[in-house]
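Q: Encoded as structure tokens, here's the structure I'll be asking about.
The values are calculated or read from the model by the stated rules, or taken from the named source; none is laboratory data. Keep in mind that what you see is a predicted model, and the values were worked out from it rather than measured. Cβ coordinates were reconstructed from backbone atoms using ideal geometry, including for glycine residues, and neighbour counts include every protein chain displayed. Just the protein is used for accessible areas: all its heavy atoms, side chains included, with ligands, DNA and RNA removed. Shrake-Rupley method; radii C 1.70, N 1.55, O 1.52, S 1.80 Å.
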Amino acid sequence: MAGLKRILSGMRPSGKLHLGNYTGALENWVKNQEKFQNFHLVADWHVLTTAPEQTAHIWEDTIEMVIDWLAVGIDPEKSVIFVQSHVKEHAELFLLLSMLVTVPRLQRNPTVKEQIRELHLEDRVSFGHLGYPVLQAADILIYRAHYVPVGEDQVPHIELTREIARRFNTLYGKVFPEPQPMLTVFSRLPGLDASKMSKSQGNTILLSDDPETIQKKVRTAVTDPQKIRMGDPGHPEICTVFTYHKKFNAAEVSEIEKNCKKGVLGCVACKKNLADKLARYLAPFREKRAELEKDRKMIRDIIEDGNTRARKEAQETMRAVREAMKIGRMPDV
Ligand code: TRP
């Protein structure tokens, strides 16, 4: 593994994952395993930014999410799977880095601004919420990562991370590389209702859904509103179901496009076909998940091993940071 460039990727623990998580992140994580050294972070402290009162289920959500990571093929031998709150060094680096960022700079962050607007937090955003991009910078820099796979919405945080790394290196000497975002191509797979796929919207297909559930859910998917009867010509370019065919049924996609436009393919048959393809696509994940679910102790051991490996790296970086800053370590006599 030595000599490979390093990737830090992170996700909040959100329990069982959905197809959007897969196309937006996991699929790439799995591909990247061969070419990079990977650290996969469960960002549990980040949950507290928007829901500090909801901590009871965080561990369960962590386990369920890690089971999905493993089910899609993240190899815990090659890659380090670990939990943020179990590597306390993140908190120390977060504190130190927080001194290098101004409050107005954080207030300008478009992603945080949007969250504040959506959640109506205008005059009661917490200090930790406003500052979470600095925590994220610490998550990344503490592993001296070169790349961070993210969707568009997280790019401002990587930009901030780069600024902080530059500032640190200028003030104290070069400790950190400036990490680059790695954008995912299919990062915005729509939900069944055509809005962004998200658990809170109830428009997801879970990686763990069984074939009947998939059939049921796909039946509710939004299609071309102008195509009402079987014979009506459709507009695949605006159809959610067609977007899914493009991703999960590449072999038939041009035929489906042609027949939909001609009006010889009805939505019911088209959806049934898609649900079959999805069920087939997800079958190996579901089987692997069923295996993994039987052995929660093993999942726990994998996380514990990951925590140990992550901690070792984080401690090494913190030694370099304290040395560079001349704080937090006993000087030689
Ligand atoms: N903030 C990210 C999100 O909400 C999660 C995250 C935390 C993360 N730390 C990270 C992502 C480090 C990439 C790198 O989705």
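Q: Please work out if Gln54 is of a type outside the set (Ser, Thr, Tyr) and over 30 Å from Val321 (Cα atoms).
A: It is true that Gln54 is of a type outside the set (Ser, Thr, Tyr) and over 30 Å from Val321 (Cα atoms).
Q: When region 299-308 is examined, which residues are found to be out of contact with any His (no Cβ under 9 Å at 6 or more places or on another chain) and either surrounded by 15 or more Cβ atoms within 10 Å (Cβ to Cβ) or under 17 Å from Ala138 (Cβ atoms) (or both)?
A: Of everything in region 299-308, those that are out of contact with any His (no Cβ under 9 Å at 6 or more places or on another chain) and either surrounded by 15 or more Cβ atoms within 10 Å (Cβ to Cβ) or under 17 Å from Ala138 (Cβ atoms) (or both) turn out to be Ile299, Ile302, Asp305.
Q: Separate question: Out of region 23-43, which residues are away from the ligand (no atom under 13 Å from the Cβ) and open to solvent by 20 Å² or more (accessible area, probe 1.4 Å)?
A: Glu27, Val30, Lys31, Glu34, Lys35, Phe36, Gln37 - these are the residues of region 23-43 that are away from the ligand (no atom under 13 Å from the Cβ) and open to solvent by 20 Å² or more (accessible area, probe 1.4 Å).
Q: When you look at Glu122, is it closer than 30 Å to Leu96 by Cβ, under 21 Å from the mean Cα position of the chain (by Cα) and exposed (fewer than 14 other Cβ atoms within 10 Å of the Cβ), yes or no?
A: Here the answer is no, as Glu122 does not meet what is asked.
Residue-by-condition table, conditions (1) within 13 Å of the ligand (Cβ to nearest atom); (2) open to solvent by 30 Å² or more (accessible area, probe 1.4 Å); (3) under 21 Å from the mean Cα position of the chain (by Cα):
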site	(1), (2), (3)
Ala137	yes, no, yes
Tyr147	yes, yes, yes
Gly151	yes, no, yes
Val155	yes, yes, yes
Ile158	yes, no, yes
Thr170	no, yes, no
Lys174	no, yes, no
Gln180	yes, yes, yes
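Q: Please determine whether any residue of region 228-240 is free of Cβ contacts under 8 Å to residues at least 60 places away in the same chain, under 24 Å from the mean Cα position of the chain (by Cα) and outside the structural domain of Leu96 (by TED's automatic domain parsing).
A: yes
Q: Can you tell which of Leu48, Leu8 is within 16 Å of the ligand (Cβ to nearest atom) and open to solvent by less than 20 Å² (accessible area, probe 1.4 Å)?
A: Only one candidate qualifies: Leu8.
Q: Tell me whether region 188-203 contains one or more residues that are exposed (fewer than 14 other Cβ atoms within 10 Å of the Cβ), over 30 Å from Lys246 (Cβ atoms) and either over 16 Å from the mean Cα position of the chain (by Cα) or not aromatic (Phe, Trp, Tyr) (or both).
A: Checked against the condition, which is being exposed (fewer than 14 other Cβ atoms within 10 Å of the Cβ), over 30 Å from Lys246 (Cβ atoms) and either over 16 Å from the mean Cα position of the chain (by Cα) or not aromatic (Phe, Trp, Tyr) (or both), region 188-203 yields no hits at all.
Q: Evaluate region 196-206: report whether one residue or more is assigned to a helix (DSSP H, G or I), basic (Lys, Arg) and out of contact with any Lys or Arg (no Cβ under 7 Å at 6 or more places or on another chain).
A: Looking for residues that are assigned to a helix (DSSP H, G or I), basic (Lys, Arg) and out of contact with any Lys or Arg (no Cβ under 7 Å at 6 or more places or on another chain), one finds at least one in region 196-206, hence yes.
Q: Looking at region 55-90, which of its residues are open to solvent by 20 Å² or more (accessible area, probe 1.4 Å) and more than 15 Å from the ligand (Cβ to nearest atom)?
A: Result: Thr55, Ala56, His57, Trp59, Glu60, Glu64, Gly73, Asp75, Pro76, Glu77, Lys78, Lys88.
Q: Let me ask something additional. Condition test on Arg162, is it within 23 Å of Asn28 (Cα to Cα), more than 9 Å from the ligand (Cβ to nearest atom), at pLDDT 95 or above and assigned to a loop (DSSP other than H, G, I, E, B)?
A: So Arg162 does not fit the description; no.
Q: Considering only residues that are open to solvent by 30 Å² or more (accessible area, probe 1.4 Å), touching a residue at least 40 places away in the same chain (Cβ under 8 Å) and not basic (Lys, Arg), which ones fall in region 97-119?
A: Correct list: Pro110, Gln115, Leu119.
Q: Among the residues of region 1-48, count how many are farther than 28 Å from Ala91 by Cβ, polar (S, T, N, Q) and in contact with a Leu (Cβ under 7 Å, 6 or more places away or on another chain).
A: Within region 1-48, residues that are farther than 28 Å from Ala91 by Cβ, polar (S, T, N, Q) and in contact with a Leu (Cβ under 7 Å, 6 or more places away or on another chain) number 1.
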